[in-house]
Amino acid sequence: MGRSIPLVEKEFVAGFRQQTEWAGLIASAFFFGKVGSGLFIMSVFLQSRLGMLIGLLIVLCGKGGAHMLYLGRPLRFWRAMSRPGSSWVSRGIWAMSLMLAAGFIAISLPPGSPLFMPLAIFAVICAFVVAVYDGFLLTSSPAIPIWNTALMPVMCMFYALLGGTTMVLFLKHLGFIQLSGKFTALLPSVEITLLVVNLLIVLLFLVGSINTGSAGRESFDLLVKGPYAVPFFALVIGVGLVFTLLMSFVAGPRAGAGTVALITVADLIGHYFIFFLLLKVGVFKPVLGFLKI
Amino acid sequence: MRLGMVIDLKRCVGCQACTVACKAENGTSPGIMYTKVLDQVSGTYPNVRKQFVPVLCNHCRNAPCERVCPTGATHKREDGIVLVDHDKCIGCRACYVACPYNNRIFLKRGKLKEGYYGKKMTPYERAKYPEHQDGIVEKCKFCSHRIDEGLTETSCVQTCPADARIFGNLDDPESKVSRLIRSRGGRQALCEDDTDPSVYYLD
Amino acid sequence: MKQSEMVAQKDYWAKSACKMCIHSCAIRAHVVDGVVVKIEGDPDNPSNRGKLCPKGQAGIHRLYDPHRVKTPLRRTNPEKGIGVDPKWEPISWDEALDTVAEKLKAIREDDPRKLLPAINDFHRIHIWGWGAAFGTPHYFSTVGQYCGAAYHPLNGILDGSFAAINDYNHCKYWIQIGAGDGFSSHLHVAASIKRMADARVERGMKLVVVEPRMSAGAAKADEWLPVRPGTDRAFVLGMVYVLLHEQNVYDAGFMRKHTNGIYLVAPDGNLFRNAETAKPMVWDSAGNTAREYDTEGLNLEDVALEGVYTIEGVEYRPAFQEVKDSLKDHTPERMAEICSIPAETIRRIATEFGEAACIDSTIKINGKEYPYRPAAVNFYRGAIGHFDGGLDSAAMKLINLVIGNIDVPGGHIGVGLDHRLLILKEGKDGMIEPQPHLLHPAYEFAEKPYSYQLMEWYPIGIDPGHLIAENVLNPEKYGFDFQPEALIIEHSNPMWNLSATNKVIEVFKKLKFIVAIDIVLNESTDWADIVLPDLSYLESHLLVCIEPPMVTGHVYRRPVIEPLYDGRDATDILTELAKRIGFLPEWNGLLNFTMFLSEENHLDPDTPYSSLELTDRMAKSIYGQDKGLEWFQEHGHTTRDQTPEEMYLPYAKLGQRIPLYFNFIKEVGDDMAEKMKTAGVEWDTSAYLPVPVWRDHHPLHNTPPEYDLYAFAFKEAQANFSESTTLPWIDEVVSCQPMHLGVMINSKTARNKGIKTGDILKIESPFGEITGRATVGEEVHPECIAISNTISRWSQHPVGKKQRSTHFNKLLPADVKWTCGMTGHLETTARVKLSVISE
Ligand SMILES: Nc1nc2c(c(=O)[nH]1)N[C@H]1C(S)=C(S)[C@@H](COP(=O)(O)OP(=O)(O)OC[C@H]3O[C@@H](n4cnc5c(=O)[nH]c(N)nc54)[C@H](O)[C@@H]3O)O[C@H]1N2
Ligand SMILES: Nc1nc2c(c(=O)[nH]1)N[C@H]1C(S)=C(S)[C@@H](COP(=O)(O)OP(=O)(O)OC[C@H]3O[C@@H](n4cnc5c(=O)[nH]c(N)nc54)[C@H](O)[C@@H]3O)O[C@H]1N2
Ligand code: SF4
Ligand code: SF4
Ligand code: SF4
Ligand code: SF4
Ligand code: SF4
Ligand SMILES: [Mo]
C-alpha cells in the first residue's frame, strides 16, 4: 500500500513540488502581452490608430516592463534573442520586437500611406504570436504537466481576443476611439461569444487536466479544492467570465460607460488571475515515483 | 564520451555528506543546494519502507533546460556535462520551469552580498563567492572544474562514505557505471519525459 | 614536510585528522592563499579511504566561525543565567592565566575536592586526568553514563575490549540493537558506512534492526523490529530461550574450549572450587567425577556442559546449565509482552540467527583455520542506556556467546580504545583478567564517598557524572562535608550533556568560579568567568586513534594553516595551569602514563613540556625512536588493517577463557554488598547478577500510567551530539529533514491524541517538562516519541538556534534510584505525557 505522495516545500522529502519562480511578474507579462496584442489586432481590424497605439504601449511598457523587472540580469536581455530555433522565449521576444517595430512604424506613417497595410498586417501576425507564444512556452515544458496540454495555446489565443475586444469596447465607450456603425453593432455579440467560448475552454482545460498524470491532478486539486480554489472560482470564473457574461447580456454596452468600465475591469481581473493561478499551481512530478511497499 | 553517475539506492544511507561536500566544493550561498538527499517513506506502521533518494542535475542528453534557454547560456559540453554560462544567463528562469527534476536554482539578486554569518564574510566565503554571479540560474556542474583538472570523481562522489555514488563514462561499456547499469538494471528518473538523463538509479 | 615549509606554499593539500566528532578520520585540507577551501578524506588511509561524513565536510565552518573564541575572555556581567549576556571583554593570556591560577591554587590549598572538572575531550583522553593530578576525584560531565557505562565494562570483562563490532568482513546475519554502527554513529561512522554497505550489497548480508525509531539503519535493514524502549534485553533473552530450550542450538565446542561454561557452579551461585587449590572444578563425565578445570589429560569432549551433579550431598551444575536454568521462564510469549515484538517474530529471528551461525563450521583465512560464525548481535547506547543496562549488555553478550561467535570470523569482535587493541592479561581461574576500567584506574572503596559521582561505589562502572548534581544539592544524603566552588571545563558541555538539566543549572548557580577552555561557546561555557581559547583541530598537533574497528594505528593531526587567532593548545593551557598552581610533577607523572611514554621518553617532573614535544615523545614511545613527529609529518598516519591474528581468538592465544557465566560480576557484587553492610549504607546490589535475566522492578516500566509514552533522544550522521548544529551547512541540512524538525510521533498515537504536525506540545515527565513541535509520521513506535539532538540547543551562538529548545535531558532523572546498580549507567529513556499548547 503506498501512502499518497506528499506536496512538499523545502523539506528533503520526495514528493510533488510547486514551482516557485514564475508568479506575479510573469503573469503580468502574459497579461499585458495578451491584452495589448489583442487590442492591437482588433484595432488594426477596426482601423483605429489610437487603439493600435495603446495596444503597442501596453505591450511595450506592460509586458516589456514586467519582463525587465523580472529578469535577474535585465541589462543582458538582448541575449534572449539568440535561440529562436528552439526557445519559445526567444521567439516571443522576436515577435514582440517585430510587432513593436512594425506597429510603431505603421502608425507613424502618414494616413493613406501604401506601406501602412502591409506593415500593420505584419505587426498583426507578430502580435498574434505574442498573444499565443506563452501558451506554447508553457506547453513545451514537460516538467509541469498541467501546463503541458494542447489547450494552453488555444486558451491564450482566445483570452487575447477577448481581452482585445473588451479593451476596444472600453475605449470606444470612453470616447477614445470611433467605430463604424456595423462594428458598433457587432462588437457586443463578439464579446458575448468570446466570453462563452472562453468559459467553455476553461472548463475543457480543467476536465483535461484531471488526466495529466498525478502531478497534473495535484495541480488540479490545488486549483479547484486547495488554497487557490477561492480566487479561482471567485475571480476567474465568477468575476472574469460569469459576471461579465451576465452583465453583457443583461445590461450590455447600452447601459453606459460605467457598466462597460465595470465589465472591462471584471474581465481583466479574470484574465490576470487565470494565468497567475495556473502558474501558481504548477507542480513538478516526484523525481522517483517507484517506492512500493 | 558521456559522463554520468550511478546512484545505488541500496547503498545510500542518507547521511547527506554529498549535500555538504557539494556546498564545500562549490561555495554556494545559503539555501543553494545543487544536490540533496530526499526521504521517501511509504506504508503505515509497522509496515514502513524508507528510502533515501539523492537528487542532482541529471545532465540529460535531451535536456529541456537547454532547449528552452533563450540565450544559449545553458549548453552541453562534448562530455555531456550540461552547464550554465554565468556571463550569458539573464535569469529568465525558463530553464527552471522546464527541468522536470526541479534541479535549477535561481540566485536572487543581492544573494551574494551575504554569507552564512551575515554581511561580514568568512575567508572561505571571500575565496569562493567570486566563482558565482547573482541574478542567474545555477545548478550542479558535475564538478566540471574537477574533471577539467583531470580528477575522475566529483566532490559528492569523492566523499560518499557508502560508495553509493559512482561516476564514469557511460559510453564506455566497460566502465564501472556501465557495468553497474547493466548488471543491476539502472533506471533513469522520469524516463517518460524523454530527457535521457545521465544519472541512473539502482534499486 | 616541515610545518614552516608547508604553510609557506601558495596552494597545497595538508594531511591531518578530523575532529568534528569523537572519531578520527584522516583528512587532507586544500589551502589556497592561506585559506582552507576544501576538506576531503585522505585517500591513503585504509580506514576512511578518502571518505568523510557531513560533519567532517563542514569543518571549514568550524574553523572560520566568526563566533569562535579568539582571545582570552573575561565576564564583566556578574549576573549569570540562561540568556544573560556575559558581556565578554578580551584580556591578555597573562591576566587570564593569573586569575585562573590564583583562584584554583587557593582552592587546591584549601580542599582540592572543591573543584569540579568537566574535561572530556575525546581526542585528548590524556588530559582527562588533569583533575586527578590536581587532587579532585569528580567528573562533572558525561564521559560514559549516557552511553558506555553499561557497555565498556562488559566488553572489558568479556574479552579485554573497550567496544565491540560485528565482523564487517564475514558476518552474514547482523542484528543491530539501538546502535548506529555502519550508518549514523558509534564506531567511526565515515569509515564504517562503506564496510556496512559492502556487507549488505556485495555480500548479501541480512540485517535486522531493533529500534523504537526508524533510524537510518532501520531504513536500510531487511527487517525493522520496532521495540518498546528499555526492553531489548527481553527480546534477546527470548531468543536465547528459543535457542537453548526449544531448539538446542548452541556452540558446545566453543563453550567447552573457550569459556567458563563448563565450570561447576555451587547452589550459592559461586564457582565450585577445589578446597585446597581454590581452582574451579568441572565435571568429567568419563570419570564421573569433578576435576580441576586444568587437570592434565582432561578430554574436553568429556566435560559436562549440562546436567546436575551431586557431590557430598550438594548439587552442582556446569555454568552453562546454570545459564540455561536461569532463563527457563524467559519464553518468547512472556518476553513479547515486555518488549512488544511478537513471540513468533522472536522465534523466527532466533531460528534464522541460529541457522546463520553455521555452528561447527570453519573458515581459512591466510592459511589459518578459524571457527566461522557469520551471525552476530551488535548493540550500543539505545539498547543498554537504561537502568539495568549492565544486564542489558550482558544479555547481548550472552546471545553472541551462545553461538560461539566472540572474536571469531563473522562474529562479534572486540575493539580496543587505542592502539593497544584488546587489553589481554592472564587472570585467575584460567580466565582473562576482567578489564572493567579502561578509562582510568578504579576508585578505591570508601565507606564515606569522596567523589560526588560515587565512583567508589560503582566498582564496575564508569563515572556516573549525573549523580553529581543530586549530591551537590543534597550533600547530607551520603555525608559530603564540602561544597564545590569552581568548575573547569574543557571540550565539554555538562549543562547540555547531563540529565536533570534543571538540577545541573542549580549547581552552576552555586559555583563561584568557572573557567572554560573552548573554541565556540556553548550552554555551559556561556556561564564561565574566564574563557581560554583552544586551537581548533585544523590548527593543532595531536596523535589520534579513537576506537576504529577493523583497523589500528594513529592519525596525525597537524595544523593545516597557521592559527587564526590568539589561541593555545588545550594541553599547553593545562600544563601551564598545572605549573602555576603547583602540581606540575603530578601532571607530568600522569602524562607519562596517559600518553604511553616509554622509559626513555619519560618527562622530567619539573619541566613543562609543549604539546608538540609531548606528541613527539608519544609517537616515539609507541612506534620507536625513529618515528617521532617528523616521521608523521612525512607520512600522516600509521593506520593499517588489523591482522586476523590480532582480531580473531586473541584470548585463545593466551590460553585463557572468557566468561559465559559472569561470576566476576557476582563476586564484585557480593563484595560490595558486604562492604556496604559494614558501612551501614542502604545500597542495592541486586543487579550484580552472573546471568542476565529480565527483572520486573525496572523503574521506567513502573512509572505511573498517566505518563503513557516513552521518550528518547537520538542523533544521526549529521549531528555530533547537538553541537554541530552551530555549523551553518549542517543546520541547513537538518532544518530540511522532517525527523529533525520536531518531536517524532506515530500517526496513530497522534490521531488518538488529536495532534497534528506543527502543533506545539507540552511534554512532561515526572522530572521535568519541555515544549516541542510535533512531527507526525510512521517512523516511530506508537508508544514513543523520539527527539533529535539537533533541536535541543539554547546557547548564544546564533546559528542553529531554534525558536524553542526541546532539550530532552530536562525530562530525565539523575539519582541513584534511576541508575544501573552494576555499572552506574543512567536511565536515558523518560516516560512522558503530552498535551497540545497551541496549534
Ligand atoms: N554521528 C555521530 N556519531 C557519533 C557521535 C555523535 O555525536 N554523532 N557520538 C559518539 C558517541 S560519544 C557515542 S556514545 C556513540 C553513540 O552511538 P549510538 O548508540 O549508535 O547512537 P545514538 O543515536 O545515541 O543511539 C542509538 C539509537 O538508539 C535508539 N534507541 C533509543 N532508545 C532505545 C531503546 O530502548 N532500544 C533500542 N533498541 N534503541 C533505542 C535511538 O533511536 C538511536 O537511533 O556515537 C559516537 N559516534
Ligand atoms: N540529550 C542528549 N544528551 C546527551 C547525548 C544525547 O545523545 N542526547 N549524548 C550523551 C553522550 S553519549 C555523550 S558522550 C555526551 C557528550 O557531551 P559533550 O562531551 O559535552 O559533547 P561534545 O560534542 O564533545 O562537545 C562539547 C563542547 O566542546 C566544545 N568544543 C568543540 N570543539 C572543541 C575544540 O576543538 N576544543 C575545545 N576545547 N572545545 C571544543 C564545544 O563547545 C562543544 O559544545 O553527551 C551526552 N548527552
Ligand atoms: S553521501 Fe552517499 S550515502 Fe550519504 S547521502 Fe549522499 S549518496 Fe547517500
Ligand atoms: S536535470 Fe534538469 S537541469 Fe539538469 S540537464 Fe536535465 S533538465 Fe537540465
Ligand atoms: S535563466 Fe539563464 S540558463 Fe535559464 S533559460 Fe534563462 S538564460 Fe538560460
Ligand atoms: S557533481 Fe559536483 S556540483 Fe554536482 S552535486 Fe556533485 S558535488 Fe555538486
Ligand atoms: S566520522 Fe567523525 S571524524 Fe570522521 S569525518 Fe565524520 S566527523 Fe570527522
Ligand atoms: Mo558517548
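The values are calculated or read from the model by the stated rules, or taken from the named source; none is laboratory data. This is a predicted model, so every value here is computed, not measured. All Cβ positions, even for glycine, are placed from backbone atoms using ideal geometry, and neighbour counts span all protein chains on display. Ligands, DNA and RNA are stripped out before the accessible areas are found, and what is left, the full protein with its side chains, is counted by its heavy atoms. Shrake-Rupley method; radii C 1.70, N 1.55, O 1.52, S 1.80 Å.
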Residues (among the hydroxyl-bearing types (Ser, Thr, Tyr), part of a loop (DSSP other than H, G, I, E, B) and open to solvent by 80 Å² or more (accessible area, probe 1.4 Å)) located in region A:104-114: none
Residue within region A:13-26 that is assigned to a helix (DSSP H, G or I) and more than 14 Å from chain B (Cβ to nearest Cβ) present: no
Some residue of region C:243-260 being within 14 Å of chain B (Cβ to nearest Cβ), part of a helix (DSSP H, G or I) and modelled with pLDDT of 95 or more: no
Residue under evaluation C:Glu89, criteria (1) surrounded by fewer than 23 Cβ atoms within 10 Å (Cβ to Cβ); (2) outside any strand (DSSP E or B); (3) away from ligand 6 (no atom under 16 Å from the Cβ), criterion not met: (2)
Whichever residue in region C:32-83 is among the basic types (Lys, Arg) and at the interface with chain B (Cβ under 7 Å from one of its Cβ atoms) and, among such residues, is farthest from the chain's Cα centre (by Cα): C:Lys38
Strands (runs of 3 or more DSSP E) wholly inside region C:344-430 that include at least 1 residues being surrounded by fewer than 21 Cβ atoms within 10 Å (Cβ to Cβ): C:362-365, C:368-371
In region B:93-117, the residues that are more than 8 Å from chain A (Cβ to nearest Cβ) and open to solvent by less than 20 Å² (accessible area, probe 1.4 Å): B:Cys95, B:Asn103, B:Arg104, B:Gly115
Pick from region C:179-204, criterion in contact (Cβ under 8 Å) with a residue 40 or more places away in the chain and away from chain B (no Cβ under 11 Å), ranking: nearest to C:Phe379 (Cα to Cα): C:Ala179
Residue check for C:Asn474: out of contact with any Asp or Glu (no Cβ under 8 Å at 6 or more places or on another chain), open to solvent by 20 Å² or more (accessible area, probe 1.4 Å), under 24 Å from C:Asp684 (Cβ atoms) and modelled with pLDDT of 95 or more: yes
Residue under evaluation C:Asn166, criteria (1) more than 13 Å from every other protein chain (Cβ to nearest Cβ); (2) away from ligand 2 (no atom under 16 Å from the Cβ); (3) in contact with a helix residue (DSSP H, G or I) (Cβ under 6 Å, 6 or more places away or on another chain), criterion not met: (3)
Candidate set: region A:210-265, residues that are outside any helix (DSSP H, G or I) and either open to solvent by 30 Å² or more (accessible area, probe 1.4 Å) or under 17 Å from A:Leu279 (Cβ atoms) (or both); chosen: the one modelled with the highest pLDDT: A:Tyr228
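Yes/no per residue for (1) of a type in the set (A, V, I, L, M); (2) outside any strand (DSSP E or B):
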position: C:Ser4; (1), (2): no, yes
position: C:Met20; (1), (2): yes, yes
position: C:Ile39; (1), (2): yes, no
position: C:Asn45; (1), (2): no, yes
position: C:Ile60; (1), (2): yes, yes
position: C:Leu63; (1), (2): yes, yes
position: C:Thr71; (1), (2): no, yes
position: C:Pro78; (1), (2): no, yes
Residue that is farthest from the other protein chains (Cβ to nearest Cβ), among those in region B:118-154 that are surrounded by 14 or more Cβ atoms within 10 Å (Cβ to Cβ) and in a strand (DSSP E or B): B:Glu138
Residues of region C:640-668 satisfying the condition of being touching a His at 6+ places or on another chain (Cβ under 8 Å) and either open to solvent by 20 Å² or more (accessible area, probe 1.4 Å) or assigned to a helix (DSSP H, G or I) (or both): C:Leu649, C:Tyr651, C:Ala652, C:Arg657
Residue in region C:739-762 that is under 27 Å from B:Lys23 (Cβ atoms) and either free of Cβ contacts under 8 Å to residues at least 40 places away in the same chain or away from chain B (no Cβ under 14 Å) (or both) present: yes
Matching entry among C:Thr289, C:Thr351 (being within 34 Å of the chain's Cα centre (by Cα) and among the polar types (S, T, N, Q)): C:Thr351
Strands (runs of 3 or more DSSP E) lying entirely in region B:1-72 (those with 2 or more residues that are within 16 Å of ligand 1 (Cβ to nearest atom)): B:36-44, B:47-55
Residue within region A:34-47 that is modelled with pLDDT under 95, farther than 30 Å from B:Leu190 by Cα and open to solvent by 50 Å² or more (accessible area, probe 1.4 Å) present: yes
Residue in region C:95-104 that is away from ligand 8 (no atom under 16 Å from the Cβ) and either within 14 Å of chain B (Cβ to nearest Cβ) or part of a loop (DSSP other than H, G, I, E, B) (or both) present: no
Selection from region A:194-209 of residues that are without any contact (Cβ under 8 Å) to a residue 24 or more places away in the chain and surrounded by fewer than 14 Cβ atoms within 10 Å (Cβ to Cβ): A:Leu200, A:Leu203, A:Val207
Residue list for region C:105-138, restricted to those being more than 22 Å from C:Ser795 (Cα to Cα) and assigned to a loop (DSSP other than H, G, I, E, B): C:Asp111, C:His123, C:Arg124, C:Trp128, C:Gly129, C:Gly135, C:Thr136, C:Pro137, C:His138
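Residues are listed down the side, and each one gets a yes or a no for (1) of a type in the set (D, E, K, R); (2) at the interface with chain B (Cβ under 9 Å from one of its Cβ atoms); (3) open to solvent by less than 40 Å² (accessible area, probe 1.4 Å):
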{"residue": "A:Val59", "(1), (2), (3)": "no, no, yes"}
{"residue": "A:Pro84", "(1), (2), (3)": "no, yes, no"}
{"residue": "A:Ala95", "(1), (2), (3)": "no, no, yes"}
{"residue": "A:Ala101", "(1), (2), (3)": "no, no, no"}
{"residue": "A:Phe116", "(1), (2), (3)": "no, no, yes"}
{"residue": "A:Ile144", "(1), (2), (3)": "no, yes, yes"}
{"residue": "A:Pro153", "(1), (2), (3)": "no, no, yes"}
Residue check, A:Ile54 away from chain B (no Cβ under 12 Å), touching a Phe, Trp or Tyr at 6+ places or on another chain (Cβ under 9 Å), closer than 20 Å to A:Pro111 by Cβ and of a type in the set (Val, Ile, Thr): yes
Checking A:Ile201 against (1) at pLDDT below 90; (2) β-branched (Val, Ile, Thr); (3) not in a loop (DSSP other than H, G, I, E, B), the condition it does not meet: (1)
Qualifying position, being open to solvent by less than 10 Å² (accessible area, probe 1.4 Å), out of contact with any Ser or Thr (no Cβ under 9 Å at 6 or more places or on another chain) and either modelled with pLDDT of 95 or more or farther than 27 Å from C:Pro434 by Cβ (or both), among C:Ala164, C:Ala150, C:Ala132, C:Ala106: C:Ala164
From B:Asn58, B:Asn62, residue being of a type outside the set (Val, Ile, Thr), touching a residue at least 40 places away in the same chain (Cβ under 8 Å), more than 7 Å from chain A (Cβ to nearest Cβ) and open to solvent by 10 Å² or more (accessible area, probe 1.4 Å): B:Asn62
Number of the condition not met by C:Asp641 [criteria: (1) farther than 25 Å from C:Asn166 by Cβ; (2) touching a strand residue (DSSP E or B) at 6+ places or on another chain (Cβ under 9 Å)]: (1)
